[in-house]
Amino acid sequence: MTTINDNYLKLKAGYLFPEIARRVKAYTDENPDAPIIKLGIGDVTEPLPAACREAMVAAVEDMGQRQTFHGYGPEQGYLWLREKIAQHDFQARGCQVSAEEIFVSDGAKCDSGNILDIFGRDNTIAVTDPVYPVYVDTNVMAGNTGAMDDGKYQGLVYLPITAENSFTAEIPEEKVDLIYLCFPNNPTGATASRAELQAWVDYARAHGSIILFDAAYEAFITDAELPHSIYELDGARNCAIEFRSFSKTAGFTGTRCAFTVVPKTLTAKAADGSDVELWKLWNRRQSTKFNGVSYIVQRAAEAVYSEAGQQQVKGLIAFYLENAKIIRQQLTAAGIQVYGGINAPYVWAQAPAGLSSWDFFDKLLYHCNVVGTPGSGFGAAGEGYFRISAFNSRENVETAMQRIAEQFKV
Ligand code: MLT
């Protein structure tokens, strides 16, 4: 008899965003004319930068000529793109990251899940609570957890992040082997200072742990003091893998391009006690299970680093950050306490007294026709909070905020 991977049965019924989509559909089936505004899933709305589109068009033409046609590319990505990434995103900020240590992929979500392929099943894993659900669910699928008990999976170490600790997780007292950190944070929009990140790196070095650092929202950092990469901290090359993405930076959610940095100096233990380079394992994994990102898309990503591309990307980020500012201002005026949204495209709001996250979700959906994301969907400690995404048109953000202000006016 064929069997399944039983770990899937431990997963909560639905991934958060499909569950939200299900509820919205149920409402719109009943109310087909409701002018719904979606500020739930963090999906970009503004067009791809012109520099990227032009590069894609030129790349399509390349594909039309035998001399410039491209078949399979390197599984790790074309060197011309990896070199630009290494120079611009890392070396220019004083990080010693080489092109060879960059692995171009089709998404930070995919990579942050796939990375578990190269780690053992006996690691202790720490996640923040609330957390981007992918880190948790992929560990459940891989069999790294027990069953869910009281909103938490057995075997995971949850590090609460709440207003009381300024959304900065305490460094655990016990030893953990793998630690997921995401800054600027999804879902809270919080950031980590240099000193805070250095403390994590020092902890990881002292315990032989590996930090899985998700920097997908790095481009939204406006505060000059904040680190953009974990490799800006001393010792991180020996304890951290970093995930980056063009999705939120350059509007690539539908275009698909991202990259992961695995330093050649990073090792973990084999069963026989020897140290093994993680770079070699990830390279082996990618060469076996992945065929690279399309030439056309990599040319589009390369264009992000051109002068025009840089200008256009800055414009996009500034646009979404202005949306976040409007959200913060309007919610504050409506008497709702807000966090984040300054160096991040997410505003983390406290649901009005007495309302759970899902109560607030329903209230906004039914009375304001605005969709957000219930904080409890990101973890038990997210209960009572609500995430509002700044990814939408200015008009939609303004209209949504007017409706909320009207509904909750104090
Ligand atoms: C989110 O809304 O949290 C994002 O869409 C997550 C993602 O980029 O996968």
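Just a few scattered comments:
- Expressed as a whole percent, the proportion of Cα-Cα pairs in the stretch 103-162 lying more than 20 Å apart is 25%.
- The chain - percent relative contact order, Cα under 8 Å, separation 6 or more: 23
- Sites ASP223 and GLN96, calculated FRET efficiency, Cβ-Cβ separation with R0 35 Å, nearest 0.05: 0.90
- For the listed residue pairs LYS109/LYS264; LYS38/LYS280; LYS12/LYS248; LYS84/LYS152, the alpha carbons are over 31 angstrom apart in LYS38/LYS280; LYS84/LYS152.
- Residue exposure sequence - ILE210, ILE241 - by fewest surrounding Cβ within 10 Å: ILE210, ILE241
- Dividing the helix sum by the residues of the chain, where each DSSP H run of 4 or more adds -39500 (n - 2.57), gives a mean residue ellipticity at 222 nm of -10500 deg cm²/dmol.
- Across the chain, the longest piece that holds none of the chymotrypsin sites (Phe, Trp or Tyr not before Pro) lying in DSSP loops with up to 14 other C-beta atoms within 10 Å covers 73-410.
- Scaled against 2.2 N^0.38 Å for its residue count N, the alpha carbon radius of gyration of the stretch 23-140 is 1.53.
- Across the stretch 95-127, the residues whose backbone nitrogen lies under 19 Å from the label position 7 Å along the beta-carbon direction of MET141 are 105-123, 125-127.
- For the stretch 188-254, the list of GluC sites (Glu not before Pro) that fall in a loop by DSSP and count at most 13 other C-beta atoms within 10 angstrom reads GLU225.
- Between the stretch 198-252 and the stretch 267-318, the alpha-carbon centres lie 14 Å apart.
- Summarising the label geometry, the points placed 7 Å from Cα in the beta-carbon direction at ALA380 and SER306 lie 5.2 nm from one another.
- Reciprocal mean inverse distance between Cα atoms of the stretch 290-410 - Kirkwood radius, Å: 15.8
- Loop-located GluC sites (Glu not before Pro) across the stretch 49-156 with a Cβ neighbour count of 11 or fewer within 10 Å are lacking, with loop assigned by DSSP.
- The stretch 52-306, Cα convex hull volume normalised per residue, Å³: 133
- Label-to-label distance, nm, for residues given as THR332 and GLU277 (7 Å Cα→Cβ offset): 5.0
A short reminder: the numbers here are calculations on the coordinates, not readings from a lab. Computed from a predicted structure; not experimentally measured. Glycine also receives a Cβ, built like all others from the backbone with ideal geometry; neighbour counts cover every protein chain displayed.
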